[in-house]
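Colleague: Starting off with a structure, shown below.
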Amino acid sequence: MSAQQPEDDVYTHGHHESVVRAHAARTAENSAAFVLPHLTPGSDVLDVGCGPGSITCDFAALVSPGKVTGLDRSPDVIVQAQALAVEREVPNVEFLAGNIYDLDFADGTFDVVHAHQVLQHLTDPVEALREMRRVAKPGGIVAVRDADFHGMSWYPAIPELDEWMDLYQRIARRNGAEPDAGRRLVSWAQSAGFTDVAPTSSNWLYATGQQRRWQARVWGERVLHSAFAEQALEYGLANEADLARISAGWHRWGSTDDGWFLIPNGEVIARA
């Protein structure tokens, strides 16, 4: 178990309202379909890095009367997740603040341990996977899914989106993180001691008018106001004019009639 504390890892996105709003649009169906065959009534589930809890609450509905625990390092976002559980009247879920490197649970507690878009932000994803494996029951699973930023593709060619990708890569790597995590999940799982590793992949696609406008609005705002913007300025990697130009590029892409933005995700089911 690592002595590293969660505050040592810098979350590239942060928890600006624009970020949390985007994360709240994620569901078990659109973001964790690879886990669904493993969720059965009565299963106990830990959702690490649960954010605003939309996927977590979906899991709870599927495994009832099993219990689902959502954990995130941000107490503020935990409050939002708790409010969602009340709103959706999900009784078998609880949300806690905690540290992925030092999970406050006994060995072999959960049937399923899940982390969505988490490992890419960690300085030691292998150690996190070891800790997730520790709290999984023998024969249980650890399920992780992460985007692969350099695998993303878009049309039409927008120079500002190339700038965005370059800037994101530099910020994330300055934070000691790995934005191209998706392609590394098998390697990380093997390094964490898993011998039964089943890889899959799935995409998020933004290619209808509504999807393009949503994606452009989300990133157009995040480029200007989220922790991404704060870090870009603090690290001296961009100035405010650069960020304004990139944000405008996102909106220009979003206003196209034929735009396409593809986000590939790596997935792994690793058996404990």
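The values are calculated or read from the model by the stated rules, or taken from the named source; none is laboratory data. Nothing here was measured: the structure is a model prediction, and the numbers come from that model. Heads up, the Cβs are rebuilt from the backbone with ideal geometry, glycines too, and the neighbour counts pull from every protein chain shown. Keep in mind that these areas ignore ligands, DNA and RNA; they rest on the heavy atoms of the full protein, side chains included. Shrake-Rupley method; radii C 1.70, N 1.55, O 1.52, S 1.80 Å.
Colleague: Let me spell out the model: positive unit charges on the Cβ of Lys and Arg, negative unit charges on the Cβ of Asp and Glu, origin at the Cα centre of region 195-243. What dipole size does that give, in debye rounded to 20?
Modeller: Working: 4 positive and 6 negative charges, 79 e Å.
It works out to roughly 380 debye.
Colleague: Using amide H atoms built 1.01 Å from N in the peptide plane, name the residues 5+ places from K137, or on other chains, whose amide H lies under 5 Å from its own.
Modeller: Long-range HN contacts for K137: T109, F110, D111.
Colleague: Starting from the amide H of L96, placed 1.01 Å from N in the peptide plane, find each other amide H under 5 Å away whose residue is 5 or more places distant or on another chain.
Modeller: For L96, whose amide H was placed from the backbone, the distant partners under 5 Å are G70, L71, D72.
Colleague: What FRET efficiency comes out for W260 versus L96 if R0 is 41 angstrom and r is the Cβ-Cβ distance? Round to the nearest 0.05. Walk me through the numbers before you get to the answer.
Modeller: Values: r = 39 Å, r/R0 = 0.95.
The pair W260/L96 has a calculated efficiency of 0.55.
Colleague: Would you work out which of A232, W214, V186 lies farthest towards the positive end of the dipole of region 169-248, given +1 charges on the beta-carbon of Lys and Arg and -1 on that of Asp and Glu, about the Cα centre?
Modeller: W214
Colleague: Same structure again: Just to confirm, what accessible area per residue do you get for the chain at 1.4 Å probe, in whole Å²? Numbers along the way, then the final one.
Modeller: On the way: 11470 Å² over 272 residues.
On a per-residue basis, 42 Å².
Colleague: What ranking do 216-225, 139-148 get when scored by the average of other Cβ atoms within 10 Å per residue, highest first? Walk me through the numbers on the way to the answer.
Modeller: On the way: 216-225: 20.8, 139-148: 23.2.
Taking the mean over residues of other Cβ atoms within 10 Å, the ranking is 139-148, 216-225.
Colleague: Can you give the calculated 222 nm mean residue ellipticity of the chain, where each DSSP H run of n ≥ 4 adds -39,500 (n - 2.57) and the sum is split over every residue, rounded to the nearest 500 deg cm²/dmol? All intermediate terms of the calculation are to be shown ahead of the outcome.
Modeller: Details: 10 runs with 108 residues, N = 272.
Using -39500 (n - 2.57) per qualifying helix, the result is -12000 deg cm²/dmol.
Colleague: Extending each Cα 7 Å along its Cβ direction at D107 and E240, get the distance between those two points in nm, one decimal.
Modeller: Taking the two extended label points, one gets 5.6 nm.
Colleague: Taking H placed 1.01 Å from N in the peptide plane, check which residues at least 5 places from D148 or on another chain put their amide H under 5 Å from its amide H.
Modeller: HN-HN under 5 Å from D148: G182, G266.
Colleague: Given labels modelled 7 Å from the Cα in the Cβ direction, how far is it in nm from T208 to S64?
Modeller: 2.8
Colleague: Starting from 0.36 nm per residue, how many nanometres of slack lie between V186 and Y155 once their C-alpha separation is accounted for? Working shown, then result.
Modeller: Numbers: separation 31, 0.36 × 31 = 11.16 nm, distance 2.94 nm.
Computed gain between V186 and Y155 is 8.2 nm.
Colleague: In Å, the Kirkwood hydrodynamic radius of the chain over pairs of distinct alpha carbons? Write out the running numbers ahead of the final one.
Modeller: On the way: mean 1/r = 0.0527 Å⁻¹.
For the chain, inverting the mean 1/r across all distinct Cα pairs yields 19.0 Å.
Colleague: Still on this model: Counting Lys and Arg as +1 and Asp and Glu as -1, each charge on the Cβ, what is the dipole of the chain about the Cα centre in debye, to the nearest 20? Spell out each step's value before the answer.
Modeller: On the way: 22 positive and 37 negative charges, 104 e Å.
With only Lys, Arg, Asp and Glu charged at Cβ, the dipole is about 500 debye.
Colleague: Sticking with this one: At a 1.4 Å probe, what is the % contribution of carbon and sulfur to the accessible area of the chain? Walk me through the numbers on the way to the answer.
Modeller: On the way: 5840 of 11470 Å².
Here it works out to 51 percent.
Colleague: Tell me, in nm to one decimal, what length is gained between K137 and D8 on full extension, where the rule is 0.36 nm per residue of separation less the Cα-Cα distance?
Modeller: Full-extension gain reported as 43.6 nm.
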